[in-house]
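**Student:** Structure incoming, see below.
Every read-out reported here was derived from the displayed coordinates using simple, explicitly stated rules and does not represent laboratory data. Bear in mind that the values here come from a model prediction, so they are computed numbers and not experimental data. We place every Cβ from the backbone using ideal geometry, glycine too, and count neighbours over all the protein chains shown.
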Amino acid sequence: MNEFNLFPKFIDKAASPVAERVGETLSSVWDIVFGNIDFYAQRKNYERQLSFESFKNMVDEKASSISSDKLQEPELYIIGPTLEASKYYFENDVLRELFANLIASSINTDFQTYTHPSFVDIIKQLSPLDANVLRSFNNVSNHPIVNIHRIIGSRGFILHKNIYLKEGLCDDLPQISMSLTNLQRLGLVSTNYTNSFEDFEYNHFREHKEYKSLKEHAMLSNATFEFNDDLPKDILESMPGLDNQDVILEKGIVDLTSLGSSFLKVCIESK
């Protein structure tokens, strides 16, 4: 049931010894990885089978588009783990494409310099949102980010850390924060708050509905605060100035690392 004539168009089109070797290598490893999967025994068999077919066709299409003079035999230490890992992720549209791009890049000499075996494990640790955040960089290596601070008197604390906003991207602040923090952990991006862009580059953060709500709440707290001088002196002295509240932006920059730039080129932007 799981025997597929992998990359038939690719092999017929190229019709060269290296193309045949590449096709045979990929087909052999594919059969080793997927040959013993009984999809019809799975609870969600129908949907999974459709996803598998979509993944197979996507890889076939990408491989077929590579010109014969740019073909190379894939390194087994990349193609093997990639196919092995992909069988747990191909049901997700976004992650499926990342694995398909990595497979296609591994047989394309144009990407030889940029492809790295660590990309397999990186994809496994990405959420679809993480991948979309990287995609949103759009060939621009750095973008504005902010930390959102709550100020109460002389004290302050971070409400939201590493916030990155882009049109068409999720604008849920906790999710974005977690996504950017994960990309930083994986070494794909770096963040710093020592440098920043021009102030107007951060206006879209100020217009975000949650920031505006927090800001209005702080201002309202200032206007309605009533100082109770009946409290004991030691408590009054320890109060952090509750009538002096604010919410502010700490401006920063997020940069793609060299690893992130290569990953973007190979796994996300690859054609």
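**Student:** What distance in nm separates the two pseudo spin-label positions at LYS124 and SER67, each 7 Å out from Cα along the beta-carbon direction?
**Tutor:** 3.6
**Student:** For the range 156-180 and the range 74-107, write down the distance between their C-alpha centroids in whole Å.
**Tutor:** Cα centroid of the range 156-180 versus Cα centroid of the range 74-107: 29 Å apart.
**Student:** While we're here: Below 8 Å between Cα atoms, with a sequence gap of 6+, how large is the relative contact order for the range 81-206 in percent?
**Tutor:** Across the range 81-206, relative contact order equals 18 percent.
**Student:** Okay, moving on. May I ask which of LYS62/LYS265; LYS62/LYS124; LYS124/LYS265; LYS70/LYS124 have a Cα-Cα span longer than 26 Å here? Before the final figure, lay out each step's value.
**Tutor:** Numbers: LYS62/LYS265 15 Å; LYS62/LYS124 21 Å; LYS124/LYS265 17 Å; LYS70/LYS124 28 Å.
The answer is LYS70/LYS124.
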